[in-house]
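Beneath this line is the structure, given in structure tokens, with notes to follow.
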Amino acid sequence: MTISGLNFIGVLIAFIVSFASGGIWFGPKTFYPMWMKARGIESGQLTVNQNKPVVLFGGTIVGVLIQTLTVGIFVTSLQHGHSNFGILDGAGVGFALGVGIAMFASLSHRLFGGENFKVWIIETANDAINLTVAGAIIAYFN
């Protein structure tokens, strides 16, 4: 694996798109109400101990940045060996990482933690979509 050749503008754009997508995905008019209800939080409100914006947004920024950089490293490494590696290939790498790792790595944790399939799907489908799009964006800029 290498970061040699990784276009950080592409990573930055992929990060921004992923972060914005998460904001829309978990917005009050999209999946947030359904997600909270599936988690058993009828009010839709976090407790005072849970609602810490610096932790929530800071952790999200760090997490999305690490995910995007990781996809970038995979895409860049694979592009070095294949001159015809394009946007769809980058999307495929992002999709494989998003579904094969991001989604299914958390399944048993969620189920043993008492969450249900609906919560798991709502939370991890956004990751899979974001990683797919990030892979395409990074492949385009590389």
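Would you check which residues across segment 68-85 are within 16 Å of residue 12 (Cα to Cα) and among the hydroxyl-bearing types (Ser, Thr, Tyr) and list them?
68, 70, 76
Which of the following residues is surrounded by 11 or more Cβ atoms within 10 Å (Cβ to Cβ) and free of Cβ contacts under 8 Å to residues at least 12 places away in the same chain: 40, 90, 27?
27
What helices (runs of 4 or more DSSP H), lying completely within segment 1-117, carry at least 3 residues that are more than 17 Å from the chain's Cα centre (by Cα), under 16 Å from residue 140 (Cα atoms) and not basic (Lys, Arg)? Quick ask: steps written out before the conclusion?
Values: elements: 8-25, 32-38, 53-81, 87-95, 104-112.
By residue number, 53-81, 87-95.
Given the criterion crowded, with 18+ Cβ neighbours inside 10 Å and under 13 Å from residue 15 (Cα atoms), identify the matching residue among 97, 131, 65.
Details: 97 fails: under 13 Å from residue 15 (Cα atoms); 65 fails: crowded, with 18+ Cβ neighbours inside 10 Å.
Exactly one of 97, 131, 65 is crowded, with 18+ Cβ neighbours inside 10 Å and under 13 Å from residue 15 (Cα atoms), namely 131.
Bear in mind these aren't lab numbers, they're just calculated from the coordinates by the rules spelled out. Because the structure is predicted, anything quoted here is derived from the model rather than measured. All Cβ positions, glycine included, derive from the backbone under ideal geometry; neighbour counts span all protein chains shown.
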